[in-house]
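Coordinate-derived values only; no laboratory data. These numbers come from a predicted model, not from an experiment. Backbone-built Cβ (ideal geometry, glycine too); neighbour counts: all protein chains shown.
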């Protein structure tokens, strides 16, 4: 199984991948810098992707737009999807779940490695 | 509506939360009311993150290459070498987190806004940022662990019309995303 990490910050992607690796996940991690790149990777790898971690504010296509698109397509809506974003208002969190009712979790930056690991661990354990 | 002082306090609290969570270190934050920033000599980075909505403006973070390197080392646990994009990303990510946290802290004050994408500038020697006379300004000098930086928030209060425009645009792009995903799935399955 693969994990898709979507964030326009290369540093943030590296940090998230470090946490995933330390948690014991050794298979392929796909990286996208915006929603458009994420669509391409998801569209061609969706049968192998077991987890998506996605930022909200990105150029070209935001994580919110990508999230809503994913939520509307049953074949990919079932893939565990976590928003990982600095957008922490109650309204934004509600909006995310409205866009994608099967959204697995919402992680607000800043977070510690332990906090991220704790949130995604139930999904990671099924993939390791 | 928040006063300038309340907004300044919310910005300081947001900085505290960001620094404590990311670096496990309490920052020293001081008001820095100079009309411009004159950074130490050497390579400097400025990252500016715009925002729009009921309150509109930008948050600019100024720091030296050396401070950016120390931030990256603390965030990644290793030295990135000369990978300059990672330096920019570190400052961009911090401005994003500070503004995101600020947005959460002021969410019930009527000051809703949408975050933009960070833009980066760099200069070999001194770097000065000056704002428009139309905007209010809050500027702070921050020292945390072994690095330091300055942040300046330029802002003005808007009508509600701008917020509506962003929401409509996002819905339109989500439809495009759905079509693109379905198109790729159909292509792969045929």
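Overall form of chain A: rounded. Here a/c, set by the Cα gyration tensor axes a ≥ b ≥ c, is under 1.5.
Note on residue B:16 and residue B:108: with the Förster distance fixed at 22 Å, the Cβ-Cβ geometry gives a FRET efficiency of about 0.65. As a ratio to 2.2 N^0.38 Å, the alpha-carbon radius of gyration for the protein assembly as shown is 1.00. Kirkwood radius for segment B:39-112, taken over all pairs of different Cα atoms as the inverse mean of 1/r, rounds to 13.5 Å. Take each residue in B:80-92, count the other chain C-beta atoms within 10 Å of its C-beta, and the mean is 3.
Between residue A:48 and residue A:26, residue separation times 0.36 nm minus the direct Cα-Cα distance comes to 6.5 nm.
Largest first and in whole Å, the equivalent-ellipsoid semi-axes of segment B:4-158 read 24, 17, 14, each the square root of five times a Cα gyration tensor eigenvalue. Neighbouring Cβ atoms from other chains, within 10 Å of the Cβ of residues in A:82-91, number 5 on average. Protection proxy ranking of A:83-95, B:93-105, A:99-111, by the mean of other Cβ atoms within 10 Å over each peptide's residues and highest first, is B:93-105, A:83-95, A:99-111. Calculated mean residue ellipticity at 222 nm for chain B: -15000 deg cm²/dmol, from DSSP H runs with n ≥ 4 weighted as -39500 (n - 2.57), summed, divided by the residue count and rounded to 500. Taking every residue in A:5-16 and counting other chain Cβ atoms within 10 Å of its Cβ, the average works out to 5. In chain A, the DSSP-assigned H stretches of four residues or longer account for a calculated mean residue ellipticity at 222 nm of -14500 deg cm²/dmol, using -39500 (n - 2.57) per stretch and the full residue count as denominator. For a test of the definition: using alpha carbon positions, the gyration tensor, and the 1.5 limit on a/c, classify segment A:79-128 as rounded, prolate or oblate. It is oblate, given that a/c is not under 1.5 and a/b is not larger than b/c.
In this structure, residue B:124 and residue B:189 have a Cβ-Cβ separation that, at R0 = 51 Å, corresponds to a calculated FRET efficiency of about 0.40.
Inter-part distance, segment A:3-27 to segment B:61-75, computed on C-alpha centroids, equals 21 Å. Packing around the peptides B:77-83, B:118-124, taken as the average count of other Cβ atoms within 10 Å per residue, puts them in this order, highest first: B:118-124, B:77-83.
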